[in-house]
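Notes follow the structure.
Readers should treat all values here as calculations from the given coordinates under stated rules, not as data from a laboratory. Just so we're clear, the structure is a prediction, and the values are computed from it rather than from any experiment. Because the Cβ atoms are built from the backbone with ideal geometry, glycine has one as well, and the counts that use them run over all protein chains shown.
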Amino acid sequence: DGLIVSFGEMLIDFVPTVSGVSLAEAPGFLKAPGGAPANVAIAVARLGGKAAFIGKLGEDEFGHMLAGILKENGVSADGIPFDKGARTALAFVTLRADGEREFMFYRNPSADMLLTPDELNLELIRSAKVFHYGSISLIVEPCRSAHLKAMQVAKDAGALLSYDPNLRLPLWPSADEARKQIMSIWDKADVIKVSDVELEFLTGSDKIDDASAMSLWHDNLKLLLVTLGEKGCRYYTKNFHGSIDGYHVKAVDTTGAGDSFVGALLCKIVHDHDIIEDEPRLKEVLKFSCACGAITTTKKGAIPALPTEKEVISLLKGGK
Ligand code: ATP
């Protein structure tokens, strides 16, 4: 058992064939399948865990290609409906020479946004031990209602709820709306992971410290994680808090590092939620998660870079 169900969007990122160009300058693009919740599901499966993805795809070649990638990786696609009218979501993404990320989304609307509450595979959701989600599925109806219903069904069935907001500002009508909606489901989650950038955005503080992290605490939360890129992560529980150093690797593309980190964590806690209450064991799990994140930065693309357990153990054995 130990099923992890990840809910949200799966899409294709089109990334330039050469680095350091603007979208307009790019001579061509490569398909890089992604979408944070789908990456998390694949991260879990690659580590040997049991995962399913729930989200809508277009009834088109790209939609079936993405469902095929999930299945090839051992992720259940039983919760994926295909929309006959709308296309699979696309995003053109580039890392410009000035280091800024430039996004251009094709979602007008895309199939993922059209998932309805009636289309949810409730049986699959009820069998989840962990239910994971982001915030992109909250942006528009009917997907928003589907998200809220799925979360409730999972919670009622006893699943641990895991939330990684994965802020994508350009998709929201305004920054205030993004903050408001991201926070509107805050107190439902048992485990929350934010990046340093999201911590600043959500708290309005320019400090990444214990006080700003703790300002995001809620009464029913079991574990709050703040990821810090190459610097590793910080963790907070009701009874203790601390940090885990990052691993030194030669990073070439950080896409998916956060998803890999989350997938690893969920994979380890799904069989034993009590790990969260036990600091030495939690630290071991988070070291493993940081190692997964680090490995994911060493290859281009998110999905091809997600590690197997063997690769992680080898990095852990080799030390920092
Ligand atoms: P993304 O949105 O790119 O998927 P994120 O911002 O959610 O990522 P990060 O903090 O970038 O999350 O990365 C998650 C974890 O991966 C970190 O806690 C760290 O352990 C590891 N990691 C990320 N970048 C690096 C790096 N350059 N070197 C080593 N480890 C890294």
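Compare G49, G99, G58 in a GNM of the chain, Cα atoms joined below 10 Å, and give the one with the largest fluctuation. Result for the chain, Cα springs under 10 Å: G99 fluctuates most. One decimal place: the segment D272-E59 gains 72.9 nm when fully extended, by the rule 0.36 nm per residue minus the C-alpha distance.
Could you sort out which of K268/K299; K188/K238; K250/K310; K250/K317 sit more than 21 Å apart by Cα distance in this structure? Long pairs (Cα-Cα over 21 Å): K268/K299. Taking the inverse of the mean reciprocal distance over all distinct Cα pairs, the Kirkwood hydrodynamic radius of the range 1-112 comes to 14.6 Å.
Shown here for the range 224-320: chymotrypsin sites (Phe, Trp or Tyr not before Pro) in loop regions (DSSP other than H, G, I, E, B) with at most 15 other Cβ atoms within 10 Å, namely F240. Among K155, K84, K56, the ranking by other beta carbons within 10 Å of each residue's beta carbon, starting with the fewest, stands as K84, K155, K56.
Please get the size of the charge dipole for the chain, origin at its Cα centre, with Cβ charges of +1 on Lys and Arg and -1 on Asp and Glu, quoted in debye to the nearest 20.
540 debye
I need the semi-axes of the equivalent ellipsoid of the range 96-233: take the C-alpha gyration tensor, multiply each eigenvalue by 5, square-root it, list largest first in whole angstrom.
Here the semi-axes work out to 26, 21, 13 Å.
Label separation (W186 vs V18): 4.6 nm, computed from points 7 Å beyond Cα along the C-beta direction. Determine which residues of the range 243-271 fall in the zone a paramagnetic label at L30 would reach in this model, i.e. backbone nitrogen under 14 Å from the point 7 Å along Cα→Cβ. It comes to 252-255, nothing else.
What does the net charge come to around V40 if you take all other residues with beta carbon closer than 9 Å to its beta carbon, with K and R at +1 and D and E at -1? Please report the intermediate quantities before stating the final value.
Working: positive: none; negative: D164, D259.
Here the charged neighbours net out to -2.
For the pair the range 257-320 / the range 126-201, the C-alpha centres are spaced 22 Å from each other. In percent, rounded to a whole number, the relative contact order of the range 68-163 is 24, using alpha-carbon pairs under 8 Å and six or more apart. For the range 16-69, the dipole from Cβ point charges (+1 on Lys and Arg, -1 on Asp and Glu) about the Cα centre works out to 320 debye, to the nearest 20. Here the chain is scanned for GluC sites (Glu not before Pro) in DSSP loops (not H, G, I, E, B) that have at most 14 other Cβ atoms within 10 Å, and the longest stretch holding none of them is 101-320. Mark the label point 7 Å from the Cα of K310 along Cα→Cβ and return the residues of the range 252-274 whose backbone N is within less than 16 Å of it. Under 16 Å, as judged by backbone N against the label point of K310, lies no residue of the range 252-274. Using θ = phi - 60° in the Karplus curve 6.51 cos²θ - 1.76 cosθ + 1.60, the 3J(HN,Hα) couplings for the range 31-45 round to 7, 10, x, x, x, 3, x, 5, 4, 4, 4, 5, 4, 4, 5 Hz; x is entered for Gly and Pro.
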